[in-house]
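Report on one structure; see the data block that follows.
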Amino acid sequence: MDDDTEELAPAVRSILESARTRSGDGGNGHNGNGDGGERVDADPRDLEAAFDAAEADGRTPVIAEVKPTSPTTEGTREDDPVALATEMVDGGAAALSVLTEPDHFGGSTDTLERVRDAVDVPVLRKDFLVTEDQLDAVESDVVLLIARFLGDDLGPLLAAARDRGFQVLVEVHDREELERAIAAGARFVGVNNRDLARLEVDLSTFESVAPHAPDDVTLIAESGVTAAADARRMRAAGADALLIGSAIMDGDVRSNTRTFTTAERDRSTDDSAPDGASTDDSTPDGAPTDDSTRPATDATDAAEHDTPTS
Ligand SMILES: O=C(O)c1ccccc1NCC(=O)[C@H](O)[C@H](O)COP(=O)(O)O
């Protein structure tokens with residue numbers, strides 16, 4: 001496992017420390033998979049198909065995140081997560097992300113199980129997994145692995161997750177992490193606009209990393225999307241889908257989700273954030289992009305799109 005924890009924001013160091021002490025019970029003293037310690041055999045709902053269905057229906061593919069709180073959020077949203085999740089789906093979310101991290105995000109494996117039972121879209125388990133046994137805490141359709149935290153363990157953990165049937169979203173923040181993710185065989189890559197060293201969000205992160213991804217990788221823009229204009233901007237930069245938490249959780253969840261899922265269909269969608277927060281609009285909006293035309297920074301970069309994935 002990588003140990004550059006000195007470079008991480010204190011909150012993120014604390015998240016990692018707690019992740020390293022959690023076992024495969026999800027931190028709740030309860031194995032979310034039923035009977036203690038059993039290896040998960042996941043029967044996943046297809047994430048790519050969910051994105052395709054959203055596109056076919058004219059919706060921007062959005063993974064809406066059930067995120068009760070976080071180190072960068074004030075307060076905790078106490079509503080029933082199942083009710084919130086149902087509203088997200090009603091708002092057009094192609095998939096859901098559910099935090100299972102208990103100490104900093106108010107998540108739990110029980111919440112994920114309840115949400116997954118209540119909806120029919122794919123559900124991503126959002127957590128900071130660092131050991132193989134943690135994969136067995138609960139069944140989900142997709143698990144998140146964060147390249148920065150895993151170092152050389154990324155490949156083995158990705159393989160262990162796939163062995164259990166999970167689809168895997170590998171999160172990266174820069175080009176070096178993207179290359180490691182691709183070398184490990186990632187097919188879904190999330191580019192996190194939030195810098196875990198400083199917890200600052202900058203949408204240009206996705207714009208700078210995305211052109212280096214092979215065309216056959218499904219790219220997800222994570223964090224910092226707060227308005228319809230941001231959603232269009234990420235799509236113009238090549239995002240196949242968007243992972244959105246705080247801006248959906250703040251206020252009317254169904255209506256907030258709809259703001260993003262209709263961002264490209266209705267160009268008149270108000271560009272202010274659903275909660276009125278200002279947006280990072282330093283790059284002009286772009287029209288929706290086709291996967292096959294993911295922008296490249298230059299001809300050399302374009303050639304790199306042909307890198308095969310396993
Ligand atoms: O969201 C945080 O405050 C946070 C702090 C430290 C590490 C990770 C954090 N977030 C995890 C996430 O990946 C986000 O929840 C997700 O990308 C959604 O981001 P946003 O739409 O900005 O809520």
| Near the amide H of Gly190, under 5 Å away, which other amide H atoms are found, from residues 5 or more places off or on another chain, if H is placed in the peptide plane? | Val170, Glu171, Val172, Ile220
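What order do you get for Leu158, Leu124 when you list them from fewest to most C-beta neighbours inside 10 Å?
Values: Leu158 22, Leu124 27.
By the 10 Å Cβ count, ascending, the order reads Leu158, Leu124.
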| query | What FRET efficiency, computed as 1/(1 + (r/R0)^6) with R0 = 30 Å and r the Cβ-Cβ distance, is obtained for Thr131 and Ala49, rounded to the nearest 0.05? | reply | 0.50
| message | Explain nothing, just the number: dipole magnitude of segment 200-254 about its Cα centre with +1 on each Lys and Arg Cβ and -1 on each Asp and Glu Cβ, in debye rounded to the nearest 20. | response | 200 debye
| query | Which FRET efficiency value, to the nearest 0.05, is calculated for Asp252 and Glu7 with the Förster distance at 45 angstrom and r the Cβ-Cβ distance? | reply | 0.75
| In which sequence would Thr257, Thr262 go, from the one with the fewest C-beta neighbours within 10 Å to the one with the most? | Thr262, Thr257
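When Glu222, Glu177 are ordered from fewest to most other Cβ atoms inside 10 Å of their Cβ, what list results?
Numbers: Glu222 30, Glu177 21.
Ranked by crowding around the Cβ, least crowded first: Glu177, Glu222.
Read the figures in this text as sums done on the coordinates, not as results from a lab. It should be emphasised that the depicted structure is a prediction, and the values quoted were computed from it without experimental measurement. Cβ: placed from backbone, ideal geometry, glycine included. Neighbour counts: every protein chain shown.
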